[in-house]
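Below: the structure, in structure tokens.
The values are calculated or read from the model by the stated rules, or taken from the named source; none is laboratory data. Everything numeric in this text was worked out from a predicted model, so none of it was measured. Positions of Cβ are backbone-derived with ideal geometry, glycine not excepted, and every protein chain shown enters the neighbour counts. The accessibility values were calculated without ligands, DNA or RNA, using every heavy atom of the protein model including side chains. Shrake-Rupley method; radii C 1.70, N 1.55, O 1.52, S 1.80 Å.
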Amino acid sequence: MHKPSLVLLSGWAFKPEVFDPWTALLSDSFDVSVLAYPDFSLGKRLSADERSSLLSDQIEQPALIMGWSLGAGLAFDLAERYPEKVLGVITLGSNPCFVESQEWPGMAAEQFQQFCNGMKLQPEKTLQRFKMLITVGSANQRDFAKRLTQSLYKPSEVLADLLDELAVDRRATVASIAVPHLHLLADQDGLVPITLRERLGSLSKQLSLTVIRSGSHLLFWDQPQACLKSIEGWCSGLGLLESQ
């Protein structure tokens, strides 16, 4: 069977290379490519229309779009505008409404605002804090935090501006897109609360959800095989892969 195309989008503050430890596993079943946010090459935060158009131009044939954290939000933006390019969306440690509200679990609004302020006043220190935060719950926290340094973008105005993308409420988008989507949540994630699973299930009939055990926000480093197994099983159910 022909390998389906799989396009990866990283999370806020991280270069595409953050996926390197995992892509060798993915490549056994998928034709993998990793795209950078076009915002960085153009030096400014783009609108969802602008960004989706530039990403779509890089996708030659219909593909699965997999996004980690903020990358999942951008994947949904793309699926909403260019459904003909998207076979399905896969999210890793993502929340369609990242900042909490009275009716939706997420990152505390005060904590999020502190990060926004920190990126303006102490960007280097703030990025180091963020690097530690995403490894909370990992059995390899210290080692992972050290290794992540090489994948971290340097502080910049566009990086700070992209934090605002995390505040975008994409619940209506997730509920309305026609393509199927798989959400992988980690039970030890320090940024995306596991209580989100009850709320996500009510958003869309197209939505499937898997909880990755013993995983942090960096779940594809913590549990690469478990993540891959869930993705392959879901793709097999869609007829995109032979049964695993």
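A compact table of results
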| quantity | calculated |
| --- | --- |
| Residue list for region 132-155, filter: within 20 Å of Y37 (Cβ to Cβ) and without any contact (Cβ under 8 Å) to a residue 24 or more places away in the chain | T149, K154 |
| Sole exception among (1) open to solvent by 10 Å² or more (accessible area, probe 1.4 Å); (2) in contact with a helix residue (DSSP H, G or I) (Cβ under 9 Å, 6 or more places away or on another chain) for L78, by number | (1) |
| Evaluation of L78 against (1) outside any strand (DSSP E or B); (2) in contact with a Gly (Cβ under 6 Å, 6 or more places away or on another chain); (3) among the hydrophobic types (A, V, I, L, M, F, W, C) (one fails), failing number | (2) |
| Complete set of residues in region 81-103 that are open to solvent by 20 Å² or more (accessible area, probe 1.4 Å) and out of contact with any strand residue (DSSP E or B) (no Cβ under 8 Å at 6 or more places or on another chain) | R81, Y82, P83, E84, S101, Q102, E103 |
| Single residue of region 131-165 satisfying the filter (over 16 Å from the mean Cα position of the chain (by Cα) and of a type in the set (K, R)) that is least open to solvent (accessible area, probe 1.4 Å) | R147 |
| Boolean, A172 is at pLDDT 95 or above and either farther than 28 Å from V136 by Cα or open to solvent by less than 20 Å² (accessible area, probe 1.4 Å) (or both) | yes |
| Helices (runs of 4 or more DSSP H) enclosed by region 1-69 - at least 1 residues per element that are open to solvent by less than 60 Å² (accessible area, probe 1.4 Å), touching a strand residue (DSSP E or B) at 6+ places or on another chain (Cβ under 9 Å) and closer than 23 Å to E80 by Cα | 48-57 |
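Okay, residues lined up against (1) over 21 Å from P4 (Cβ atoms); (2) of a type in the set (A, V, I, L, M, F, W, C):
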| residue | (1), (2) |
| --- | --- |
| M66 | no, yes |
| C97 | yes, yes |
| E110 | yes, no |
| Q122 | yes, no |
